[in-house]
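The values are calculated or read from the model by the stated rules, or taken from the named source; none is laboratory data. Nothing here was measured: the structure is a model prediction, and the numbers come from that model. Note: ideal-geometry Cβ built from the backbone for every residue, glycine included; neighbour counts use all protein chains shown.
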Amino acid sequence: MKKIQYIAIGCLLFCSTTVVAQTNDLTLKINYGAGIPVGSFKDVISNTSYRGFGAELMYHINKSVAVGLETGSQDFYQKYPRQLYKAGDGSDISAVLTNSIQAVPIMLKGQYNFLAGKAVQPYVALAAGGNIIRFNQYAGQFTNDAKTKFGFAASPEAGVYIPFGRYKRAGFSVGAGYNFMPFNYSDISNLNNISAKVGISFPLD
Amino acid sequence: MKQYAIVPFAAAALFLLASCTKDPIKNLNADENRLYITNRDSSTNFSSFKTFSISDSVAIIRNDRQHEKTRDAFDTAFIAAVSNAMVQRGFVPVPKDQNPDLGINVSNIINTYSGYVDYGNYYNDYYGYWDPYYWGYPGYGYYGSYIGTYQVNEGVISVDMFNLKDAAANGKIKAIWNGVIRGTGNDNIANISSNVKALFDQSPYIKVTQ
């Protein structure tokens with residue numbers, strides 16, 4: 001799974017180094033993010049994940065509109081106290097159950113900044129594409145269930161962008177989004193979550 | 001070329017963050033590693049038994065063959081812990097030549113050859129590990145269809161309980177309960193008390209009076 005993450009990140013960075021030679025309007029944004037499970041996802045994992053990051057390579061068509069690629073990773077984890085489970089063969093199993101989920105989105109993204117050129121710029125964004133999701137369930141130290149799937153993903157987002165530095169070409173941003181993550185497996189239907197993120201943008205020229 | 005300075009910085013940051021996955025195994029404490037699995041014969045009323053006898057050694061079953069029977073400090077302590085648990089549930093320990101109602105065997109199953117233990121094979125070959133002659137029933141077979149078949153990739157401690165009271169009438173020895181301890185520390189003498197307690201705690205039906 002980490003290989004897939006590295007390949008995605010590598011592709012993104014490769015694109016950034018090649019495309020940057022052709023345009024003066026590319027930025028790379030690095031995000032730190034938290035993920036808050038909602039709806040039926042909470043039946044699997046209810047803990048908020050504080051282990052998330054993202055990277056966005058954005059081409060700025062003009063001062064308000066940017067399009068690009070987004071990737072990253074969010075790690076969800078929950079360990080349940082020891083309890084007794086009834087197995088399919090009728091046996092009773094006492095176990096500490098752990099659910100572990102990693103989501104790696106690879107999406108196209110569009111962003112619109114209001115109040116372009118101002119000190120504080122509210123923005124809205126929409127990303128859509130795919131998600132690599134790895135689900136692992138452990139009973140004690142033993143793998144009980146495991147599944148890796150690639151599925152649809154979409155994420156509307158809103159926040160504010162605050163430019164800084166010489167020429168105001170770098171910036172700090174704070175935003176929140178809703179991640180639609182369908183994941184039909186076993187008793188799970190989706191891994192929808194609310195994301196909160198902070199990021200720093202750098203010009204690549 | 002100043003602009004390219006951001007690329008290795010970003011790459012380093014991303015690779016660092018990519019490794020921030022919480023490892024489920026490393027976040028278990030020693031006791032949380034283990035599984036306690038029990039099976040029972042649902043038609044058996046355990047209150048119909050009064051006495052029991054437990055084998056005086058542990059069978060080491062390696063790669064589907066009995067390797068040896070041992071009685072080291074771990075084996076002695078484990079057998080004593082199971083015996084005490086039975087006494088606490090109201091059963092009376094008796095020597096095996098005094099017609100105990102229940103017989104209990106303890107096995108340590110290890111498979112280093114194929115990397116897993118097929119519990120189905122374990123029961124199919126049970127006669128070879130624990131000759132019914134030991135319980136005074138030479139030539140008898142074991143049976144019991146309730147026991148699940150599953151595979152394990154490490155050593156397990158298995159406690160097997162048999163109905164000797166009705167063996168003569170049935171012509172066979174019926175398996176009525178099985179307790180399995182899986183996971184790191186299952187063969188640690190310091191964990192015997194809590195491990196055996198866990199098996200019996202989740203088997204409240206094992207008692208003389210219901």
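For the stretch A:72-94, enumerate the residues that are more than 9 Å from every other protein chain (Cβ to nearest Cβ) and among the hydroxyl-bearing types (Ser, Thr, Tyr).
A:Tyr80, A:Tyr85
Against the condition of a type in the set (Val, Ile, Thr), more than 14 Å from the chain's Cα centre (by Cα) and modelled with pLDDT of 95 or more, how does A:Val120 come out, does it pass?
On the way: of a type in the set (Val, Ile, Thr): yes; more than 14 Å from the chain's Cα centre (by Cα): yes; modelled with pLDDT of 95 or more: no.
So A:Val120 fails the test.
Answer yes or no as to whether B:Asp75 is of a type in the set (Asp, Glu), closer than 30 Å to A:Gln102 by Cα, surrounded by 12 or more Cβ atoms within 10 Å (Cβ to Cβ) and at pLDDT 90 or above.
no
Which residues, taken from the stretch A:179-205, are away from chain B (no Cβ under 14 Å), in contact (Cβ under 8 Å) with a residue 60 or more places away in the chain and of a type in the set (Ser, Thr, Tyr)?
Selection gives A:Ser189, A:Ser195.
Kindly establish whether A:Lys109 is farther than 17 Å from A:Phe142 by Cβ and assigned to a loop (DSSP other than H, G, I, E, B).
no
For the condition modelled with pLDDT of 90 or more, surrounded by fewer than 18 Cβ atoms within 10 Å (Cβ to Cβ) and facing another protein chain (nearest Cβ under 7 Å), what is the one hit in B:Asn45, B:Asn27?
B:Asn27
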